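Comments concern the structure below.
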Amino acid sequence: MTSPKYSHHFSVNNLPYGVASSASQPRQCATRLANTVIFLGVLQQSGFFDKVDSLPKNIFSNETLNEYAALPKSAHAAVRAHLQSALREPGLDAIPANAKADITTVQVHVPISIPGFTDFSNSLNHVQNAGRAILNDPSPPPGFFHFPIGYTGRASTVVASGTPIIRPSGHFYDRTNPVPKTVIHGPSRALDYEMELGVVIGKPYEWGSGKGVNAKDAEEYVFGFVIVNDWSARDIQGLEMVPLGPLNGKAFGTSISPWIVTTDALAPFRASAPEPQASLADHLQDEKKGNYDIVMDVEILHKPATTTTDLSVTTDGDRYVSHIATGPARELFWSHRQMVAHLTSSGCDLRTGDLLGTGTVSGSVDGSHGCLLESTKGGKERVKLSDGAERVYLVDGDIVRMTAVLGDEQSGVGFGECIGEILPARLD
């Protein structure tokens with residue numbers, strides 16, 4: 001079930017898309033207004049969308065959003081306008097009773113079938129912070145200022161928010177006995193999160209159909225955005241990335257938030273991107289306001305190490321809540337349109353439902369870093385939690401919660417939450 005805590009993220013200005021089910025309704029496409037989930041399949045069958053031209057029959061009864069996401073942007077805009085008009089006046093009374101349910105009574109699912117996952121590294125702050133932590137050198141990779149660097153991830157292990165993550169096992173250096181340098185196999189000792197945004201592809205782009213998509217035209221192919229937690233086993237990743245990878249250090253699980261916030265909802269929050277630091281190829285040249293002003297937060301919900309009477313300590317059920325960082329997505333060096341342009345420039349296709357991760361969203365100062373690798377300076381320092389406990393990396397039982405919002409509470413546009421609990425490694 002989904003938390004009702006973030007109802008203010010889901011005003012009529014948002015109306016994201018997801019996939020949900022309940023005790024009385026099968027899995028189908030849905031949207032959310034405050035804490036009410038609207039089952040779009042049931043709503044379409046009631047005749048609600050009959051006046052929306054070119055909307056295929058029963059398209060919202062599908063168990064994924066792929067068919068709808070692939071429609072032209074004009075169709076998405078027409079559906080959004082029709083929903084907004086009805087929900088502004090007369091409001092939720094316009095929705096049949098069997099087409100709506102309280103958020104606490106529904107199950108949310110991965111909203112799309114994901115044929116491919118490509119993870120980029122778009123934050124200059126992140127690559128500089130990580131470089132200092134690992135190599136004592138903030139210099140970005142040689143290609144960073146020329147194109148958005150990335151790698152192909154594992155689409156099959158992308159899971160919905162709320163799905164537990166099992167600590168992975170793999171090969172890494174035994175740092176408890178560094179001499180002689182020994183590779184061992186076992187549960188990761190350096191499990192981390194990465195706070196990212198995910199770009200969901202709508203309109204497909206055919207393989208071999210041209211020279212690729214220009215950044216200035218790429219918005220046409222983007223359906224919307226989700227929060228991504230690209231879980232990372234730093235010790236496994238560190239060994240396998242010389243000279244390739246990452247592979248098993250990342251492939252064990254990636255969590256995404258259940259509601260896709262559309263580019264129409266994000267449009268009022270366009271923000272200027274950082275200035276290029278090299279001459280860009282024609283297809284990568286983007287408009288000035290290339291980013292969105294999305295503010296991301298990450299918290300660790302943890303079982304108390306000690307009891308405390310400090311009333312300032314925030315709790316969530318039986319767990320203490322420690323805010324770790326706030327990251328500014330507007331500082332991403334490369335935009336989502338440039339990601340699309342770079343990927344297709346080689347002849348690569350885009351398939352509806354493809355997920356493109358931005359890479360870790362980080363700021364330049366303490367308290368704005370999007371992963372523990374940065375926050376702990378590569379494990380050299382500890383992050384203090386609200387009850388006085390400390391973390392270098394995640395321990396079993398920790399829950400990581402990420403949120404993202406645009407504007408103020410009155411704007412009513414946000415992503416809700418993306419959460420996942422760490423379970424012990426399988427040893428049998």
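The values are calculated or read from the model by the stated rules, or taken from the named source; none is laboratory data. This structure is a prediction, so every number in the text was calculated from the model and none was measured. Note that each Cβ is placed from the backbone with ideal geometry, even for glycine, and that neighbours are counted across all protein chains shown. Just the protein is used for accessible areas: all its heavy atoms, side chains included, with ligands, DNA and RNA removed. Shrake-Rupley method; radii C 1.70, N 1.55, O 1.52, S 1.80 Å.
Remarks
- Taking a straight Cα-Cα cut-off under 18 Å and skipping sequence neighbours fewer than 8 places away in the same chain, the lysines within cross-link reach of Lys303 are Lys384.
- Theoretical FRET efficiency, 1/(1+(r/R0)^6), r = Cβ-Cβ of Leu244 and Glu89, R0 51 Å, to 0.05: 0.35
- Under 20 Å from the Asp428 label point (7 Å along Cα→beta-carbon), backbone N, region 132-172: 164-170
- Close amide H partners of Ser169, meaning residues 5 or more places away or on another chain with modelled amide H under 5 Å apart, are Ser188.
- Candidate aspartates and glutamates - alpha carbon under 17 Å from Lys380, same-chain residues fewer than 8 apart omitted: Asp137, Asp174, Asp192, Asp235, Asp366, Glu390
- Label point distance in nm, Ser272-Glu219, each placed 7 Å from Cα along Cα→Cβ: 1.8
- Cα long-axis angle, helix 73-88 against the chain (0 to 90 degrees, to the nearest 10): 80
- The chain - mean residue ellipticity at 222 nm from DSSP helices (-39,500 (n - 2.57) per run, n ≥ 4, rounded to 500): -4000 deg cm²/dmol
- Solvent-accessible heavy-atom area per residue, rounded to whole Å², over the chain at 1.4 Å: 43
- Per atom type, the chain shows carbon and sulfur on 52% of its accessible surface, probed at 1.4 Å.
- The chain: relative contact order as a whole-number percent, Cα under 8 Å and 6+ apart: 22
- Dipole magnitude of the chain, debye to nearest 20 (Cβ charges: Lys/Arg +1, Asp/Glu -1, about Cα centre): 360
- Applying 1/(1 + (r/R0)^6) with r as the Cβ-Cβ distance of Val295 and Thr182 and R0 = 30 angstrom yields a FRET efficiency of 0.10.
- Local electrostatic count, Gln25, Cβ distance below 13 Å [Lys/Arg +1, Asp/Glu -1]: 0
- If you take all other residues with their beta carbon under 15 Å from the beta carbon of Pro258, and give Lys and Arg +1 and Asp and Glu -1, the sum is +2.
- With the simple spin-label model, which puts each label point 7 Å out from Cα in the Cβ direction, the Ala305 to Ala281 separation comes to 4.8 nm.
- Model label points for Thr315 and Val395, set 7 angstrom from Cα along the Cα-to-Cβ axis, are 1.9 nm apart.
- Chain lengthening between Arg175 and Phe145 when straightened (0.36 nm per residue, less Cα-Cα): 7.4 nm
- Partner lysines for Lys100 [C-alpha distance under 26 Å; skip if fewer than 8 residues away on the same chain]: Lys5, Lys51, Lys57, Lys73
- Sites count as exposed loop sites when they are GluC sites (Glu not before Pro), lie in a DSSP loop, and have at most 10 other Cβ atoms within 10 angstrom; the longest stretch of the chain without one is 1-205.
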